[in-house]
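Novice: First the structure, then my questions, so here it is.
The values are calculated or read from the model by the stated rules, or taken from the named source; none is laboratory data. Quick caveat, the model's predicted, so the values are computed rather than measured. Positions of Cβ are backbone-derived with ideal geometry, glycine not excepted, and every protein chain shown enters the neighbour counts. Remember, those area values only see protein heavy atoms, side chains included, never the ligands or the DNA or RNA. Shrake-Rupley method; radii C 1.70, N 1.55, O 1.52, S 1.80 Å.
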Amino acid sequence: MSIALIPLLLGGAIALYSARLALDQAGEQEARAQSGANSAKDAHLGRFPAVLARVRPPQYFRPYEWVFPQALSEVSVAKLAGPSKQWWVTEGEKLPRDRVNAIWAELEARKRELGGVLCTQTAVGQQVKSATKHLVSLVGNRRGKVRVVDIRARVLETSPRMNGTLLEYPSQGMEGIEKVSIDLDDPSGQLTATTADGAIRPLLDTKAIALDEGEEVGLEITAGAGARSYRWELELTIDHDITTRETVRIRADGTTDGPAFHTPAWGYHDTFAGGVYEQDYYTYALIRKR
């Protein structure tokens with residue numbers, strides 16, 4: 001080899017080494033930058049629960065009812081129940097849909113102002129119980145996958161069954177589909193699902209819930225009450241980052257500390273007075289058994 005070529009070869013080797021070193025350093029800098037970005041994102045996500053929630057009111061199909069804690073006069077009931085079946089047709093012409101919706105929204109607001117709760121009925125074994133429905137969406141809120149390992153209702157407050165007025169709207173042959181159920185009279189508070197063969201099993205035995213960041217799963221929950229009325233919240237046990245376990249609570253507005261879910265009980269098997277059918281609804285006033 002010519003002595004004159006040695007400096008050239010050494011220069012090439014040095015240049016190649018320098019290039020590789022620069023690439024390695026750039027890769028390390030990129031990795032550090034990504035790690036810093038991940039840490040910043042983890043810190044931001046960590047300010048909130050590992051699972052976020054959205055709670056929406058479901059659509060109630062008949063039969064459904066409004067339960068009130070107080071006895072309402074016939075005049076009040078007539079105003080709350082709304083017009084007869086054909087009220088939206090005037091001289092053969094239908095009212096605009098937005099006008100119909102506005103009237104029903106106003107009636108619903110009046111009922112809630114009087115302490116009314118929109119309910120349906122659910123069968124638990126051989127017993128019929130009052131029930132409320134809730135659409136709850138769970139959303140993953142960590143960079144890694146989060147797993148729901150337990151979910152149940154946690155009772156916050158109980159009160160006697162309501163014994164005022166029941167405003168019932170009879171069936172029209174349509175019912176909502178009950179996907180997940182809670183019997184609030186059961187101290188376990190366990191959420192259950194009905195399988196294809198009709199068996200009732202714990203929800204997480206029938207469906208694993210594991211969520212990536214931003215991934216969402218929806219639950220339609222029917223909560224039944226017979227013995228007492230309940231205010232309650234959902235309590236989730238969450239695993240993430242392999243070693244981290246977290247408890248997440250969900251209230252009726254989707255937050256951890258907002259107003260509780262409210263499921264009132266009504267004495268279906270007690271003695272009723274009235275049972276008056278008028279237009280499109282029944283009205284009952286409950287007489288307490290002595």
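Novice: From Glu65, Glu113, which residue is surrounded by fewer than 11 Cβ atoms within 10 Å (Cβ to Cβ) and at pLDDT 80 or above?
Specialist: Working: Glu65 fails: surrounded by fewer than 11 Cβ atoms within 10 Å (Cβ to Cβ).
Checking each option against the conditions leaves just Glu113.
Novice: Among the residues of the stretch 253-276, what is the count of those that are within 20 Å of Thr132 (Cα to Cα), part of a loop (DSSP other than H, G, I, E, B) and modelled with pLDDT under 90?
Specialist: 3
Novice: Next up: Considering Thr165, Thr195, Thr206, which residue is more than 15 Å from the chain's Cα centre (by Cα), closer than 30 Å to Ala71 by Cα, of a type in the set (Val, Ile, Thr) and at pLDDT below 90?
Specialist: Of Thr165, Thr195, Thr206, the one residue that is more than 15 Å from the chain's Cα centre (by Cα), closer than 30 Å to Ala71 by Cα, of a type in the set (Val, Ile, Thr) and at pLDDT below 90 is Thr165.
Novice: A further question follows. Contact list please: Cβ distance under 6 Å, first residue in the stretch 107-123 and outside any loop (DSSP other than H, G, I, E, B), second residue open to solvent by 50 Å² or more (accessible area, probe 1.4 Å), pairs at least six apart or on different chains.
Specialist: Partner pairs satisfying both residue conditions: Gln121/Val128.
Novice: Here is a follow-up. What single numbered condition from (1) open to solvent by less than 70 Å² (accessible area, probe 1.4 Å); (2) within 26 Å of Tyr60 (Cβ to Cβ); (3) not in a loop (DSSP other than H, G, I, E, B) fails to hold for Arg154?
Specialist: (1)
Novice: Given the residues Pro83, Pro49, which is the only one that is modelled with pLDDT of 80 or more, part of a loop (DSSP other than H, G, I, E, B) and either of a type in the set (Ser, Thr, Tyr) or surrounded by 11 or more Cβ atoms within 10 Å (Cβ to Cβ) (or both)?
Specialist: From the options Pro83, Pro49, the qualifying one is Pro49.
Novice: May I ask you to list the residues in the stretch 249-265 that are within 21 Å of Gly164 (Cβ to Cβ) and among the β-branched types (Val, Ile, Thr)?
Specialist: Within the stretch 249-265, Thr263 is the sole residue that qualifies.
Novice: Continuing with this model, one more query. Any idea how many residues of the stretch 227-272 are under 17 Å from Asp185 (Cα atoms) and open to solvent by less than 10 Å² (accessible area, probe 1.4 Å)?
Specialist: Within the stretch 227-272, the subset under 17 Å from Asp185 (Cα atoms) is 227-235, 260-269.
With open to solvent by less than 10 Å² (accessible area, probe 1.4 Å) added as a condition, the list becomes 229, 232-234, 261, 263-267.
Matching residues across the stretch 227-272 total 10.
Novice: Would you mind telling me which numbered condition in (1) over 20 Å from Thr256 (Cα atoms); (2) in contact with an Asp or Glu (Cβ under 6 Å, 6 or more places away or on another chain); (3) in a strand (DSSP E or B) Arg231 fails?
Specialist: (1)
Novice: Out of Val100, Val75, Val124, which single residue is open to solvent by 80 Å² or more (accessible area, probe 1.4 Å) and modelled with pLDDT under 85?
Specialist: None of the others qualify; the one that does is Val75.
Novice: Ok, one more. Looking at the stretch 194-209, can you tell me whether even one residue there is surrounded by 15 or more Cβ atoms within 10 Å (Cβ to Cβ), in contact (Cβ under 8 Å) with a residue 60 or more places away in the chain, in a loop (DSSP other than H, G, I, E, B) and not basic (Lys, Arg)?
Specialist: No.
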